[in-house]
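Inspection log for the structure reproduced underneath, given as structure tokens.
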Amino acid sequence: MLRRIVGNRVESTLAGIASALHDRGITPNTLTVTGLIINGVAAYIYYRGFLKSAGALILFAGLFDILDGAVARAGNHESKAGGFVDSVVDRYSDFFIFGGVLAFFGRTGDFEGVILVLAIIFGAFMVSYVRARAELVIPKCDVGLLERPERIIILAAGSIFSFFEAALWILAVFTHVTACYRIYYTLKHAHRSSSV
């Protein structure tokens with residue numbers, strides 16, 4: 001959802017940066033892997049309990065996630081294989097980040113926090129899984145409130161601005177709301193198609 005809202009507004013800025021990176025020989029895969037590494041570092045920082053620093057770092061990593069696609073477009077290297085790699089790496093990044101938060105609660109003995117983060121991980125998995133399965137049935141299923149960019153922004157904001165627990169509750173609830181809405185949307189559109 002966030003990409004659709006801000007995509008056109010930042011497209012021209014991204015295009016200029018992406019063109020400069022492409023001219024310097026920086027590939028989309030380099031940016032993708034760099035973002036993954038940064039998220040891995042952020043996961044460790046979450047584990048150590050430095051929430052504000054970890055939140056800032058996952059926002060920084062998000063820039064690489066935005067720029068890899070822009071660089072691919074700048075160099076006319078967009079491909080299904082590249083999109084596949086980007087999507088897979090995003091899943092690893094998610095598990096790194098929320099795994100770090102989970103380890104933080106485990107280290108501090110906060111059982112409720114552990115359950116809360118497990119609910120988020122399960123919900124985030126279902127959001128992407130439902131979309132992947134849905135798009136075997138209908139052309140597109142990118143609906144819902146909490147896609148990956150929104151999840152990262154909420155977690156980062158909660159970490160930086162000290163409403164961390166509230167941010168986790170928002171993620172725990174609305175990842176599942178998003179997954180359920182995608183199920184409803186898919187069944188509705190599949191039934192409509194079969195009725196035509």
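The values are calculated or read from the model by the stated rules, or taken from the named source; none is laboratory data. This is a predicted model, so every value here is computed, not measured. Every residue, glycine as well, gets a Cβ built from its backbone with ideal geometry; the counts of neighbours run over all protein chains shown.
Please determine, by comparing only the residues of region 97-155 that are among the hydrophobic types (A, V, I, L, M, F, W, C) and assigned to a loop (DSSP other than H, G, I, E, B), which one is nearest to W169 (Cα to Cα). Filtering first and then ranking leaves L146. Please determine whether any residue of region 17-37 is within 20 Å of F104 (Cα to Cα), more than 17 Å from the chain's Cα centre (by Cα) and of a type outside the set (S, T, Y). Within region 17-37, none of the residues are within 20 Å of F104 (Cα to Cα), more than 17 Å from the chain's Cα centre (by Cα) and of a type outside the set (S, T, Y). Screening region 174-196 for residues that are aliphatic (A, V, I, L, M), without any contact (Cβ under 8 Å) to a residue 40 or more places away in the chain and assigned to a helix (DSSP H, G or I) and picking the one that is farthest from G113 (Cα to Cα) gives L187.
If you go through region 50-72 and keep only what is of a type outside the set (A, V, I, L, M), surrounded by fewer than 18 Cβ atoms within 10 Å (Cβ to Cβ) and either more than 18 Å from L14 (Cα to Cα) or modelled with pLDDT under 85 (or both), you end up with F50, K52, S53. Might you let me know whether region 144-156 holds any residue that is more than 24 Å from F50 (Cα to Cα) and either among the hydroxyl-bearing types (S, T, Y) or modelled with pLDDT of 95 or more (or both)? Looking for residues that are more than 24 Å from F50 (Cα to Cα) and either among the hydroxyl-bearing types (S, T, Y) or modelled with pLDDT of 95 or more (or both), one finds none in region 144-156, hence no.
Is there a residue being aromatic (F, W, Y) and touching a residue at least 40 places away in the same chain (Cβ under 8 Å) anywhere in region 143-161?
Taking region 143-161 first, the residues aromatic (F, W, Y) are 161.
Okay, now just the ones that are also touching a residue at least 40 places away in the same chain (Cβ under 8 Å), so none.
No; the residues of region 143-161 include none that is aromatic (F, W, Y) and touching a residue at least 40 places away in the same chain (Cβ under 8 Å).
Quick check on A134: is it modelled with pLDDT of 95 or more, under 19 Å from A54 (Cβ atoms), of a type in the set (G, A, S) and crowded, with 18+ Cβ neighbours inside 10 Å? In short, no. Among the residues here, R192 does not qualify as surrounded by 17 or more Cβ atoms within 10 Å (Cβ to Cβ) and among the basic types (K, R). Within the set I45, I38, the sole residue that is free of Cβ contacts under 8 Å to residues at least 40 places away in the same chain, β-branched (V, I, T), surrounded by 19 or more Cβ atoms within 10 Å (Cβ to Cβ) and in contact with a helix residue (DSSP H, G or I) (Cβ under 8 Å, 6 or more places away or on another chain) turns out to be I38.
Filtering region 41-88 to residues that are of a type in the set (S, T, N, Q) and either touching a strand residue (DSSP E or B) at 6+ places or on another chain (Cβ under 7 Å) or closer than 16 Å to G16 by Cα (or both) leaves only N76. Scan D142, D110 and give me the residue that is over 19 Å from the mean Cα position of the chain (by Cα) and over 20 Å from G35 (Cα atoms). Going through D142, D110 in turn, the sole match is D110. Within region 64-77, residues that are in contact (Cβ under 8 Å) with a residue 40 or more places away in the chain sit with their Cβ atoms under 6 Å from residues that are surrounded by fewer than 19 Cβ atoms within 10 Å (Cβ to Cβ) and not in a helix (DSSP H, G or I), at 6+ positions apart or across chains, in these pairs: A72/E78.
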